[in-house]
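First comes the structure, then the notes that go with it.
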Ligand SMILES: [Zn+2]
C-alpha cells in the first residue's frame with residue numbers, strides 16, 4: 001500500500017540514509033526539498049521560479065518551496081518526506097495539503113550530532129568517505145584505498161556544524177514539538193546502530209497500518225456510527241472501514257473525527273492494538 005511517511009531529525013541524525021532504505025523497502029518516492037527544487041527549477045509559482053532564487057544565491061522562500069513540494073508529493077504514489085517541513089509555517093502548509101500515515105523523529109543528542117558531523121573525512125585523491133569515529137581508516141589520515149590524504153571538508157567543521165544545529169534548533173525543533181503535542185509523532189532512538197534504527201521505524205510504520213475491528217464485532221448501531229460522518233483524513237483503506245473507526249472513538253476518549261485520525265498512529269504505537277481482537 002502507498003504510505004506517506006515523514007522523517008524528522010537534526011542534521012547528522014541519519015534521516016537521509018534511513019529515508020532511502022524505507023523508500024526501497026516499500027517502493028516509495030524519497031522526496032527531499034533539495035531534489036524537488038533541482039527537478040523543478042523552472043516551475044512557475046506565484047512567486048517566480050526556484051531558478052531565479054538559486055541563481056541569485058538566495059534562499060528559496062517558503063511559498064515557492066511549498067508549491068514545489070506539493071507538486072512532488074502529488075506526483076508520488078506514496079513517499080518518504082525528508083528535510084521538509086523545516087519550520088512551522090511549512091508544517092502548517094503540509095497539514096493543509098496532505099495527511100501523513102507516519103511521523104517519526106530520529107532523536108539524537110546534540111553532542112553526538114556534533115561528533116557525527118565533524119568526524120567526516122574525505123580522500124582528496126579518490127573521494128572515498130571516512131569517519132574518524134565510526135568508519136576510521138586503518139591508518140589515521142590516510143586513505144585505505146589509494147593512500148591519499150584525508151581531509152575535512154569546510155561543511156564539516158565544528159563552526160559550520162554548530163551553525164546548522166543552531167538553525168535546526170530555532171526553526172525545526174518547534175515543528176517536532178508541534179507534532180509531539182498533537183500526539184502524532186513517534187520518537188525513535190537515533191543513537192542506536194543504523195540497522196536497529198531502521199527496524200524501529202519499520203515497527204512504527206507497520207503498527208500504523210492496522211485494520212479496525214469488523215463492524216459485527218463493534219457493538220454499536222450502524223446509524224449511530226453513520227451520524228459521525230465520514231472523515232476526509234482517512235486513507236482509502238480506512239474509508240472502507242470507517243464505521244469501525246467511528247466506533248472506536250469513545251474508547252480513545254476523543255471528541256472529533258480529526259482527533260481520531262491525528263491520534264491514531266500514536267495510539268497504535270502506545271497500545272499495540274492491531275486488529276479485530
Ligand atoms: Zn583515496
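Derivation of every value follows stated rules applied to the coordinates shown; laboratory data play no part. The model shown is predicted, which means the values in this text are computed figures rather than measured ones. Don't worry about glycine lacking a Cβ; one is built from the backbone with ideal geometry, like all the others, and counts go over all protein chains shown.
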Evaluated over the stretch 71-143, the Cα radius of gyration and Dmax, each in Å: 18.5, 52
In nm, spacing of pseudo-spin labels at residue 162 and residue 110 (7 Å Cα→C-beta vector): 1.1 nm
Label point distance in nm, residue 58-residue 196, each placed 7 Å from Cα along Cα→Cβ: 4.7 nm
For peptides 107-119, 144-156, 77-89, sequence by mean Cβ density within 10 Å, most packed first: 77-89, 107-119, 144-156
Quotient of C-alpha Rg and 2.2 N^0.38 Å, computed over the stretch 49-187: 1.31
Percent breakdown of C-alpha pair distances by 10 Å bin, ordered from the shortest bin, for the stretch 135-209: 15, 23, 33, 20, 9, 0
Where labels lie 7 Å past Cα in the beta-carbon direction, separation of residue 51 and residue 29 in nm: 2.1 nm
For the stretch 1-84, alpha-carbon Rg over 2.2 N^0.38 Å: 1.13
